[in-house]
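Let me begin by presenting the structure, written as structure tokens, before commenting on it.
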Amino acid sequence: MLISTHRSRPSPSRLRVLLVPLCLLSLACDGDKPPEPPRPQVGEDPNSVYGQRIIHRRLETGDVVALDNTGVRSTLSVLVPTSAGFEPRSAISLDADAFQFEDVPQGPYYLKRGAGSYVITEHRRLNLDEYLLGREAVVTVPAVIPITLSADGLAPMDAYQELDVVAPNAGAVGLLHLDTAPQPGATSLVSQGAEYRSAFGRQEIIDGSQGDRLYLLQKLRRAEGDFNYFAIARAQALSDVTFRADGQASAVAVAFDAVAQQQLTVDWRRSSFEEHRAAVHPLAVPLAASSVRHSLLLAPAVGGLSEGVVGYAGELLSGNLPAGGEDVSLTLEYGNPFPATWGVVASVVHRYQVPVRLSEQGPSGTVGVSMKDQSELSAFASRPVQARLSPPTKLQVDGANAQEERVLASLMPVFTWDPPAVGTADAYELRIFRLGTPPSAPDVLRAETVATFLTAQRQVRVPPGVLQAQQAYVVRISALRTPGVDLTRTPYRLDSLVDTSLAEAITSVLSTP
């Protein structure tokens with residue numbers, strides 16, 4: 001079992017909301033930033049918490065805002081810590097985008113979102129705005145979408161060629177998987193059967209009549225020493241493509257253009273990450289060569305980086321090399337066919353695995369833990385790539401070492417930790433996984449996230465209902481660098497961070513009484 005720790009971009013929510021062009025909300029449409037939506041009047045009540053939630057949708061033509069009917073607001077509540085436990089508070093709706101919690105004393109409280117997501121904060125004003133990629137009401141279907149593809153202008157293909165798909169207005173990213181392997185060296189396809197497979201597990205219906213533009217990308221396999229990677233070599237943007245939703249094949253014809261190649265030189269100080277392996281967990285080991293390894297990614301940011309990375313639009317370059325602690329210097333080539341107004345972020349991910357066992361005779365597996373560093377491309381390329389943040393240290397539960405297996409004293413334990421040895425953490429995420437085996441596969445150990453806690457403190461008291469009796473858990477605690485962004489006030493900005501570092505540590509197996 002391997003629990004992935006690489007954060008992928010969230011899939012765009014399918015919202016049925018009224019979209020309002022920004023220029024209708026502002027006095028000008030010449031690029032001025034629109035005014036903030038009206039806020040509720042605080043009044044004189046110091047024991048109330050006020051918040052807003054507005055959906056911002058990014059399209060290729062610009063941003064639009066919408067009232068939120070995703071249902072998130074209906075799941076919001078506050079838990080007030082007391083000496084005996086927690087007291088709940090329900091949200092009061094003030095208007096279409098504002099809410100209030102009454103009788104929340106000064107000091108830390110837990111904002112609960114949905115079934116198991118918590119933010120521990122002291123803020124009296126919360127901004128739960130969310131930026132999403134793609135228009136509202138995108139049609140999706142569960143099955144892969146058949147495509148009949150005719151293409152020329154391709155670089156010589158190998159037998160494993162696939163084509164990448166990016167359609168920002170539809171929030172779509174995925175692959176065109178060819179039904180039959182192309183002839184090695186071929187540069188064209190004629191009425192080739194293919195399937196569109198979304199990266200999000202459901203297939204978006206791209207609709208040219210709705211303004212969707214389809215980018216088709218050919219990536220080539222390349223290598224620089226032990227670093228194997230894919231990078232864009234050919235591309236074309238199509239504005240007149242509509243996928244069929246009835247299961248019949250959609251015809252796509254494209255003439256690819258060569259994409260100008262750019263060079264990136266990376267001074268990757270892997271030793272600066274590797275030296276913190278013991279803080280991750282005393283039993284942490286590098287991933288096996290046959291598993292996921294140390295990765296480097298260049299990702300486009302649709303519409304620029306003014307609001308961070310909005311949504312997921314694939315990669316310009318993605319590759320990995322065998323896990324290890326040796327520093328490497330790489331000179332890589334890639335193409336960027338997207339508009340100059342888009343941004344690019346670069347990141348490296350250094351992965352470990354930690355062995356776990358459900359019981360002495362039970363199934364065993366591994367959990368994955370990561371260190372990650374990310375920044376805007378020009379900043380990334382201007383310095384050595386090294387760990388700017390290390391994992392939290394001295395993980396404890398109820399005052400005892402949490403990196404040793406133990407039975408918890410209760411279902412409401414208190415987790416504490418010390419700061420990272422390197423860098424300053426602006427926030428921490430504590431994620432609880434329940435370990436178990438499915439009835440159909442009793443020898444397979446699996447993990448399920450049961451709760452996450454986002455906090456700027458170095459302590460989390462688990463509220464009731466999260467842990468269940470006579471179960472086994474592991475807890476992953478992540479230190480986060482988020483300069484300029486306070487996630488305890490704006491938690492939905494977590495996945496849009498640009499300049500950020502992440503370093504995780506994990507407990508041993510913790511059993512409940």
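Quick notes on this structure:
- Classified by the C-alpha gyration tensor, region 263-511 has a prolate form. Its axis ratio a/c, with a ≥ b ≥ c, is 1.5 or above, and a/b is larger than b/c.
- Summing charges over neighbours of Pro464, with a neighbour being any other residue whose Cβ is under 15 Å away from its Cβ, gives +1 when K and R count +1 and D and E count -1.
- Neighbourhood charge, 13 Å Cβ-Cβ cut-off, centred on Glu122 and excluding it, Lys, Arg +1 and Asp, Glu -1: +2
- Value of [θ]222 nm, deg cm²/dmol, for the chain, DSSP H segments ≥ 4, -39500 (n - 2.57) each, nearest 500: -500 deg cm²/dmol
- Residue (of Ala245, Phe200, Ser272) at the positive-pole extreme of region 171-272, dipole from beta-carbon charges: Ser272
- Remark: region 417-457 projects, on average over all directions, an area of 4.1 nm² (convex hull of Cα atoms).
- Rg followed by Dmax, in Å, when region 261-369 is reduced to its Cα trace: 17.5, 58
- Mean separation of Cα contacts under 8 Å, 6 or more apart, over the residue count of region 140-259: relative contact order %: 34 percent
- Given charges at beta-carbon only (K, R positive; D, E negative), |dipole| of region 140-259 in Debye: 80 debye
- Projecting the Cα atoms of Ala340, Asn228, Gly368 onto the dipole axis of the chain, where Lys and Arg carry +1 and Asp and Glu carry -1 at the beta carbon, places Gly368 farthest toward the positive end.
- Computed magnitude of the charge dipole of the chain (debye, nearest 20; Cβ of K, R +1, Cβ of D, E -1): 820 debye
- Kirkwood Rh, angstrom, region 58-196 [1 / mean 1/r, Cα pairs]: 19.7 Å
- Antiparallel DSSP beta bridges within region 263-511, as percent of all bridges there, nearest 5: 95 percent
- Charge dipole (the chain, unit charges on Cβ, about Cα centre) - positive-most of Ala313, Pro513, Leu128: Pro513
- Take every DSSP beta bridge whose two residues both sit in the chain; close to 85 percent of them are antiparallel.
- Residue-count net charge about Leu220 - beta-carbon cut-off 14 Å; Lys, Arg +1, Asp, Glu -1: -2
- Per principal axis, descending, Cα span of region 140-259 in whole Å: 43, 28, 24
- Global form of region 206-309, assessed from the alpha-carbon gyration tensor, a/c cut-off 1.5: prolate
Every number in this text was worked out from the coordinates using simple rules, so none of it is lab data. Computed from a predicted structure; not experimentally measured. Glycine also receives a Cβ, built like all others from the backbone with ideal geometry; neighbour counts cover every protein chain displayed.
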